[in-house]
Amino acid sequence: MEKVLKGKEVSQFIREKVLRDSSKLRADGVIPTLAVVRAGNSADDIAYEKSIIKACSEVGIEVKSHVLEENISHDPYVSFIKEINENKNIHGYMVFRPLPKQLDEKVIKHLISPRKDIECMNPLSLSRIFEGETDVIVPCTAAAVIEMLKYYGEKLEGRNIVVIGRSLVVGRPLSMMLLKEDATVTICHSKTHNLAEVASKADILIAAAGKARFLKKEYVKPGAVVIDVGINTDENGKLCGDVDYDDVFEIAGRITPVPGGVGAVTTAILLRNLIKTAKKQLKLS
Ligand code: NAD
């Protein structure tokens, strides 16, 4: 049994299925199409967009890039989003964040049609996760964690799982999805007392706090599965997770690396979501 749970294999497995599905859609005359909406030209956004275009091209998904002025005001931005919602040739889209300061994400996210919401941004999409519905568009990072655990044969039912982090992007939806899998879930956060004591009861410990290498061996029960969602840079500018990998490695039963762990799977889920929205719009699933 592998000790180090690598994301690449899981990502490959998901992408192969996405490619098969997109080929079927194309054979039926439908080109699965993702739109990206970027306001401005920040280097980070451009790099991210390039990585999305590459990932899509490898699985037969077309990308339409829409670049708006960085100083675009609220009304034209909203009109643009509404146009995309109506465009039958676009099956899903991503709105690059953070949005420029004149645009309010809290308002915009409500306008993203749940039918095309491949990042699960609209609270309506999230509410379906909280209600425990099946056949939903899943939040990418939370789903990536669950795919990793399942791929490597970790049973979830009845296990004690501690999730550190309660954000609406990762910790909270992930906890609800684990609950749906019949795990016993404890959610911890920045105000949790005796975090190490609570965490060290977990069979599966998931760190999504965004604090570079804060999770040390005292937090880990011997043999526990440790999943690191964090993507941080340390004081030397080096990419690292929330888990102090070297400190925790011996005591953990299994562990995900950063980079090369959960992060490697997130984009694959996004691609799979796009195929799902395309099929739903075409009433194929
Ligand atoms: P966030 O800042 O919105 O939320 C962090 C959460 O952690 C909060 O709920 C907070 O209460 C909790 N927290 C903070 N410090 C804590 C501490 N010392 N002890 C216990 N709890 C603490 O962050 P987020 O958007 O949820 O992201 C979390 C991490 O996951 C970040 O490092 C982010 O970069 C990473 N991330 C990774 C992916 C991926 O694809 N792997 C995707 C999204 C986010």
Q) Mind checking whether some residue in segment 123-131 is free of Cβ contacts under 8 Å to residues at least 12 places away in the same chain, in the same structural domain as Ala208 (by TED's automatic domain parsing) and either within 16 Å of the ligand (Cβ to nearest atom) or open to solvent by 20 Å² or more (accessible area, probe 1.4 Å) (or both)? A) no
Q. Taking segment 186-220 on its own, how many of its residues are under 17 Å from Arg159 (Cβ atoms), without any contact (Cβ under 8 Å) to a residue 40 or more places away in the chain and open to solvent by 70 Å² or more (accessible area, probe 1.4 Å)?
A. 0
Q: Restrict the check to segment 114-122 and report whether at least one residue is open to solvent by 20 Å² or more (accessible area, probe 1.4 Å), within 29 Å of Arg26 (Cβ to Cβ), more than 13 Å from the ligand (Cβ to nearest atom) and not basic (Lys, Arg).
A: yes
Q.
Against the definition (under 13 Å from Thr267 (Cα atoms) and either touching a strand residue (DSSP E or B) at 6+ places or on another chain (Cβ under 7 Å) or surrounded by 17 or more Cβ atoms within 10 Å (Cβ to Cβ) (or both)), how does Ala55 come out, yes or no?
A. yes
Q | Given (1) touching a residue at least 24 places away in the same chain (Cβ under 8 Å); (2) more than 15 Å from the ligand (Cβ to nearest atom); (3) in a helix (DSSP H, G or I), index of the condition Ala143 fails | A | (2)
Q: Look at Lys216 and say whether it is out of contact with any Ser or Thr (no Cβ under 9 Å at 6 or more places or on another chain), in the same structural domain as Pro259 (by TED's automatic domain parsing) and farther than 21 Å from Thr266 by Cβ.
A: yes
Q) Of the residues that make up segment 264-283, is at least one surrounded by fewer than 24 Cβ atoms within 10 Å (Cβ to Cβ) and outside any helix (DSSP H, G or I)? A) yes
(Q) On the basis of being more than 23 Å from Arg15 (Cβ to Cβ) and of a type outside the set (Ser, Thr, Tyr), does Val163 make the cut? (A) yes
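The values are calculated or read from the model by the stated rules, or taken from the named source; none is laboratory data. Note that the coordinates shown come from a computational prediction; the quantities given were computed from them, not determined experimentally. Here the Cβ is made from the backbone with ideal geometry for all residues, glycine too, and neighbour counts use every protein chain on show. Please note that ligands, DNA and RNA were not included when accessible areas were found on the heavy atoms of the full protein model with its side chains. Shrake-Rupley method; radii C 1.70, N 1.55, O 1.52, S 1.80 Å.
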